[in-house]
Each structure stands twice: as C-alpha cells, then as structure tokens.
Amino acid sequence: MVDSAVALGRLSLRSPLIAAAGTVGSVYDFADVDAFRVYGAAVAKSVSHAPWPGRLAPRVASAGEGMLNGIGIQNPGIDQWRTDMPDLSALPVPVWGSAAGTDAAEFALVAKGLAAEGVQAIEVNLSCPNLEEGTMFALNPAAAGEVVGAVRAATDLPLGAKLSPNSEDIVAVARAATEAGADFVVLTNTVWGMGIDLETRAPKLSGVVGGYSGPPLKPIALRCVWEVAAALDVPIVGCGGIRSGTDVVEFLMAGASAVELGTVHFAEPRAGKRILRETEAWCRQAGIGSLRELTGMAHGRE
Ligand SMILES: Cc1cc2nc3c(=O)[nH]c(=O)nc-3n(C[C@H](O)[C@H](O)[C@H](O)COP(=O)(O)O)c2cc1C
C-alpha cells in the first residue's frame, strides 16, 4: 500500500494530482465523472470581474507533441460564474478557484467572489495581461507581488501564485509572490508559442502567439520547479506536460509536493486514474511507502 496523501502548505490533499485550470471544462461539467475521485483538487477555469469575450477562432491548434491555445481567458465574469456553479461541497473533488484580472484591485474583487462561493483555495493566474505594462504580471516580480498582496488582503484562503516559464528569473517572481503572502507556487503555466498553417499560410491562432502546453513543456516546467525548490522554502505544485506516473515522480523529486494535469485531459479525460496507478506502482517497485517521501529527493544528488 502506497500512501498517496500529500501536504501542500496548510492544505491536505488525498492525492498529489490536481486538475489544471481550463482543462477540465468548468469543473461542474465533470460532477458525475467518477475519475475525479482520484484528484486531490480540481481548479476551475480562470475568472475575471467583468465578462471577458476571449479571442476569435481558431483558438486551439496542435503543434508537434504539444498544443497551442489562445483562448484569451474567455469567461462570464465572477457574478455569472457564481450563479452557474452548483453547490461546490456536492462535487466529488475539492474545487479551487482561479482569479484573473488586469490590475491588483480586480484580482482582489474576484478572490472575494471565489471565497464567497466556497472554493478550497485560490490560484492567482499571473499570466494575465497587466494593463499598465502591456505584458504579463508574471514577468515582473514587483507586479506579481502587488497582485498577490491584494488577493492576500482580500481572503484568508490558501493562495497559490501560478507563474510563467517565460519569466526571466522564476526564482525572483516566486520570492516576490511568497513574500506578498502566497502559500504555494504553481510552476508553471503555458510557454509562449506559435505555429503556421501551411494550407492557409496564416498563423494557426487568431491571436498569433498563444500558450504552448503538453509534453514538450515538461523539461521547462521541471527546470522551474528545480530552481525554485533549490532557492526558496515554499511548497510547489508542478505543472507542464505530465502524462505518466514517472512524470509525476520526476516533478516530486525535483521539489514539488503536488502536480497539475492539463493537456493530457483532452486526449484522455480519465487520465488521472491511470497516472495515479502508475505513480503508486513505481513507488511500490522502488520501495517508497509514501509519495511525500519523494518531494525534493533529487536535490543534493547533482
Ligand atoms: C485550452 C487551455 C485552457 C487553459 N486555461 C487556463 C486558465 O483559464 N487558467 C490558467 O491558469 N491556466 C490555463 N491553462 C494552462 C493549464 O492550466 C496548464 O498550466 C498548462 O496547460 C500546462 O500544463 P499541461 O502541459 O499539463 O497542459 C489552459 C491550458 C489549456 C491547454
């Protein structure tokens, strides 16, 4: 028997697997999917204060082993989101909210709405466009800290800062987010990418540049986890390209306490069951009794 329960700061999760924002429908769509029972949590798609219309089609495209998306964080706004959401306590998995915004005050308003709806934790999606600078909050430690600080002042819930692999210095952004009150960091969101459609001779996405996710992201996200774990004492959720139990083991050994599954859900909506089974099988074979033992195991062996 392998003990799959993990701790993430002050949160206890029954499993290290978390369904990543935007990749499991709106969470409540999956209320009947038994497969959710193997997840420690599921993150709802990011929501802003007012509705965001999102980008025009095409908004997703395949690109090699990965996937491009340029959804533009389409969402109905926090008020409608709350109206649409069923009773969260009736779902088979703890639900986290994901806050989006264009300034710190908007993030704080959204966080208040998410907390009122009864989410277990809040992710702060720092890959949102910062209206002042015209680029992502996640690229600038001060801007990231300002947003996390505003959300921290708005709620006592566990807070995760979701960072970007496009950051020049991921440790500096993680440090700013932690100092501003984040309980954990999520490493990472998608990396910028693009593709050209040879038939139409046009960019594959209407927004030209979008987020690249899936297996090719794994080494990049793993590097982010490694660097932050080596430099800071903050709980980490690894995310990027995970599609097998051994991928999970790698992220835990690099320093993560839990992991998020994203793109794998599009090809295999019930991937969590298989991936947890594979993770536990690896541990049994390696003589590991608890997944918690794996966190950070590779450090000191370089
Ligand atoms: C179609 C799509 C929509 C996404 N929407 C969100 C979102 O609303 N908020 C967010 O923080 N991340 C969003 N993401 C990023 C994922 O949560 C995840 O961080 C990323 O895809 C990397 O993990 P993966 O390689 O396992 O997919 C989205 C990803 C995809 C592919």
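For region 192-206, a tally of residues being within 13 Å of the ligand (Cβ to nearest atom) and touching a residue at least 40 places away in the same chain (Cβ under 8 Å) returns 2. Going by the conditions given, is A61 closer than 24 Å to V185 by Cβ, of a type outside the set (S, T, N, Q) and in a strand (DSSP E or B)? In short, no.
Yes/no per residue for (1) surrounded by fewer than 24 Cβ atoms within 10 Å (Cβ to Cβ); (2) part of a helix (DSSP H, G or I):
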| site | (1), (2) |
| --- | --- |
| G149 | yes, yes |
| E168 | yes, no |
| A172 | yes, yes |
| T200 | yes, no |
| G207 | yes, no |
| I220 | yes, yes |
| C224 | no, yes |
| A229 | no, yes |
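Of all residues in region 214-243, those satisfying the criterion of being of a type in the set (A, V, I, L, M) and either within 13 Å of the ligand (Cβ to nearest atom) or within 21 Å of D34 (Cβ to Cβ) (or both) are L217, I220, A221, L222, V225, V237, I242.
Kindly provide the set of residues from region 19-54 that are modelled with pLDDT of 75 or more, assigned to a loop (DSSP other than H, G, I, E, B) and either surrounded by 24 or more Cβ atoms within 10 Å (Cβ to Cβ) or within 13 Å of the ligand (Cβ to nearest atom) (or both), ordered by number. Across region 19-54, the qualifying residues are A20, A21, G22, T23, Y39, G40, A44, K45, S46, S48, G54. The condition (being surrounded by fewer than 16 Cβ atoms within 10 Å (Cβ to Cβ), within 16 Å of the ligand (Cβ to nearest atom) and assigned to a helix (DSSP H, G or I)) is satisfied by just one residue among T279, T246: T246. Consider V186 carefully, then state whether it is within 15 Å of the ligand (Cβ to nearest atom), at pLDDT 95 or above and surrounded by fewer than 20 Cβ atoms within 10 Å (Cβ to Cβ). It is false that V186 is within 15 Å of the ligand (Cβ to nearest atom), at pLDDT 95 or above and surrounded by fewer than 20 Cβ atoms within 10 Å (Cβ to Cβ). Of all residues in region 282-300, which are in contact with a helix residue (DSSP H, G or I) (Cβ under 9 Å, 6 or more places away or on another chain) and assigned to a loop (DSSP other than H, G, I, E, B)? Of everything in region 282-300, those that are in contact with a helix residue (DSSP H, G or I) (Cβ under 9 Å, 6 or more places away or on another chain) and assigned to a loop (DSSP other than H, G, I, E, B) turn out to be I288, G289, T295, G296, M297, A298, H299.
The conditions of being within 15 Å of the ligand (Cβ to nearest atom) and either surrounded by fewer than 20 Cβ atoms within 10 Å (Cβ to Cβ) or without any contact (Cβ under 8 Å) to a residue 12 or more places away in the chain (or both) are met by A57.
The values are calculated or read from the model by the stated rules, or taken from the named source; none is laboratory data. Computed from a prediction, not measured in an experiment: that's the story for all the values here. Cβ atoms come from the backbone with ideal geometry, glycine included; neighbour counts cover every protein chain shown.
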